[in-house]
Amino acid sequence: MRSSIGISLALMALVFPMTSIAQERGPAKPPPPLLREIVQGMPKGEKQEVRVIVATLKPGEKTPFHTHRFPVTAYVLEGTFTLELEGRAPVTAKAGQAIVEPPRVKMTGYNRGSVPMRVVIFYVSDPDAPFLDPAHQ
């Protein structure tokens, strides 16, 4: 019986310090932002629609030449995304990076790499607004 009490006390001595260590950690803190950018042109109505889209471009594919009515945020999951904006230098984002596509700027996106490119797109708009508007070059 003494040995079972001794074992119990030894186990309690091991468990109690672990519990206090776990409690000292506190709540998880959010990581620093992946992208932080001030944008203009967000919808101002009483309601907004949030859309999250996953798109894939095969090597050599591109999006249509277009504009967006509101800012679009793109996070690259795989591959490399090249965004060509009219009147601006091209922007390239690799896997793990994010970019903002500004509203009312003509653009097209490319996969100039040799592997498929996957991107998550976050878009906040007026309800039922089209995601993009085709543009003429």
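The values are calculated or read from the model by the stated rules, or taken from the named source; none is laboratory data. Keep in mind that what you see is a predicted model, and the values were worked out from it rather than measured. Note that each Cβ is placed from the backbone with ideal geometry, even for glycine, and that neighbours are counted across all protein chains shown.
General remarks:
- Residue match in the range 95-104 (condition: without any contact (Cβ under 8 Å) to a residue 40 or more places away in the chain, in contact with an Asp or Glu (Cβ under 9 Å, 6 or more places away or on another chain) and not aliphatic (A, V, I, L, M)): no
- Qualifying residues in the range 1-53 (those that are more than 21 Å from residue 104 (Cα to Cα), small (Gly, Ala, Ser) and at pLDDT 55 or above) - the one farthest from the chain's Cα centre (by Cα): 26
- Restricting attention to the range 21-57, the residues that are farther than 18 Å from residue 127 by Cα and either surrounded by 11 or more Cβ atoms within 10 Å (Cβ to Cβ) or among the acidic types (Asp, Glu) (or both) add up to 7.
- Where residue 104 falls short, out of the listed (1) crowded, with 18+ Cβ neighbours inside 10 Å; (2) under 16 Å from residue 131 (Cβ atoms): (1)
- Selection within the range 117-137 - part of a loop (DSSP other than H, G, I, E, B) and either out of contact with any Gly (no Cβ under 6 Å at 6 or more places or on another chain) or without any contact (Cβ under 8 Å) to a residue 60 or more places away in the chain (or both): 127, 128, 129, 130, 131, 132, 135, 136, 137
- Matching residues in the range 86-137 - criterion: being within 17 Å of the chain's Cα centre (by Cα) and of a type in the set (Phe, Trp, Tyr): 122, 123
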